[in-house]
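Chemist: Here you go, one structure.
The values are calculated or read from the model by the stated rules, or taken from the named source; none is laboratory data. Keep in mind it's a predicted model, so treat the numbers as computed, not measured. Don't worry about glycine lacking a Cβ; one is built from the backbone with ideal geometry, like all the others, and counts go over all protein chains shown. For the accessible areas, the whole protein counts, side chains as well, though only heavy atoms, and no ligand, DNA or RNA atoms are used. Shrake-Rupley method; radii C 1.70, N 1.55, O 1.52, S 1.80 Å.
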Amino acid sequence: MNRFTLPIRPAARAVILRDRHVLVQLKKRSGQKPYLTLPGGKQDPGETLAQCVVRECAEEIGAKVRVGPLLHVAELFQKKDAGRLHRLEFLFLCTVADGYDPKLGPAPDPSQIGTIWASLDTPPARFKPDYRTILAAKDAPQYLGLLDE
């Protein structure tokens, strides 16, 4: 029997596409290889999912995003020191200004070391979770099911 010691907390992520590339955070934790994640994060109490993705992108990638339609919903089980976290992630299609150059925002995640445009065909590092294949597929379902890390 799995024990979940942490409550479910929704997260909102931005899918920002440009010329078969997706804007991602490059992250590295001690003892691990670098990996890629979509910008975004946990929803604060009283905040809509759209407000969450706007706030998180301003903090992490220093960009004002325009939130479009909901693309996908995924469930994740993440290992944490306090137990396993059951997370629901909502992926929204977003846009940034045409002249946006990838950069760290004013309050990046502690493990974030960069922001880059990653190719959907051959990314420079591993996606965590592997949203790359889903983002490249035109017929991906809206509910992605469980993407266990």
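Chemist: Would you please put 68-76, 35-43, 90-98 in order of how densely packed they are, using the mean number of other Cβ atoms within 10 angstrom per residue and starting with the highest?
Modeler: Ranked from most to least packed, the peptides come out as 35-43, 90-98, 68-76.
Chemist: Still on this structure, I have one more. Placing +1 at every Lys and Arg Cβ and -1 at every Asp and Glu Cβ, with all other atoms neutral, what dipole size does segment 16-89 have around its Cα centre, in debye to the nearest 20?
Modeler: It comes to approximately 360 debye.
Chemist: On to the next question. In whole Hz and in residue order, list the ³J(HN,Hα) couplings for segment 98-105 that follow from phi through the Karplus curve 6.51 cos²θ - 1.76 cosθ + 1.60, θ = phi - 60°; x for Gly and Pro.
Modeler: 3, x, 5, 10, x, 7, 6, x
Chemist: If you count only protein heavy atoms with a 1.4 Å probe, what accessible area per residue comes out for segment 37-149, rounded to a whole Å²?
Modeler: Result: 53 Å² per residue.
Chemist: What's the Cα-based Rg to Rh of the chain, Rh via Kirkwood?
Modeler: On the Cα set of the chain, Rg over Rh gives 0.94.
Chemist: In angstroms, what radius of gyration and Dmax does segment 30-111 have, counting Cα atoms only?
Modeler: Final numbers for Rg and Dmax: 13.9, 42 Å.
Chemist: Please list, in order along segment 15-22, the HN-Hα scalar couplings obtained from phi with the Karplus expression 6.51 cos²θ - 1.76 cosθ + 1.60 (θ = phi - 60°), rounded to whole Hz, x for Gly and Pro.
Modeler: My calculation for segment 15-22 gives 9, 10, 10, 7, 6, 6, 10, 10 Hz in order.
Chemist: What does DSSP give for the chain in terms of the percent of beta bridges that are antiparallel, rounded to the nearest 5?
Modeler: Bridges in the chain are about 70 percent antiparallel.
Chemist: What percent do you get for the relative contact order of segment 26-149 when only Cα pairs under 8 Å and 6+ apart count?
Modeler: Across segment 26-149, relative contact order equals 30 percent.
Chemist: In addition: Using only DSSP helix segments of four residues or longer, with each worth -39500 (n - 2.57), what per-residue ellipticity at 222 nm results for the chain after dividing by its residue count and rounding to 500?
Modeler: For the chain, the value works out to -3500 deg cm²/dmol.
Chemist: Could you work out how much longer the chain between Trp117 and Ala140 gets when fully extended? Use 0.36 nm per residue separation minus the Cα distance between them, nm to one decimal.
Modeler: Contour length minus Cα-Cα distance gives 6.1 nm.
Chemist: Next question. Got a sec? What order do Ile113, Ile16, Ile134 fall in by accessible area at 1.4 Å, biggest, i.e. largest, first?
Modeler: Result of the area sort, largest leading: Ile113, Ile134, Ile16.
Chemist: List the residues, sorted by chain then number, that are 5 or more residues from Arg13 or on another chain and whose placed amide H is less than 5 Å from its amide H.
Modeler: Amide H to amide H, under 5 Å and 5 or more residues apart or across chains, Arg13 pairs with Phe90, Leu91, Phe92.
Chemist: Would you list which lysines come within 22 Å of Lys128, measuring only between C-alpha atoms, while excluding same-chain residues fewer than 8 positions from it?
Modeler: By straight Cα distance, Lys128 reaches Lys27, Lys28, Lys33, Lys42, Lys79, Lys80, Lys103, Lys138.
Chemist: While we're here: Just going by the charge dipole of the chain, with Lys and Arg at +1 and Asp and Glu at -1 on Cβ, which of Pro69, Leu147, Leu135 is farthest out on the positive end?
Modeler: Going by the charge dipole, the pick is Leu147.
Chemist: For the chain, give the percent of accessible area contributed by carbon and sulfur heavy atoms, probe 1.4 Å, rounded to a whole number.
Modeler: Ligands and nucleic acids excluded, carbon and sulfur reach 54 percent.
Chemist: Treating the angle as unsigned and between 0 and 90°, give the value, to the nearest 10°, between the Cα long axis of helix 49-61 and the longest Cα principal axis of the chain.
Modeler: Once rounded, one gets 70 degrees.
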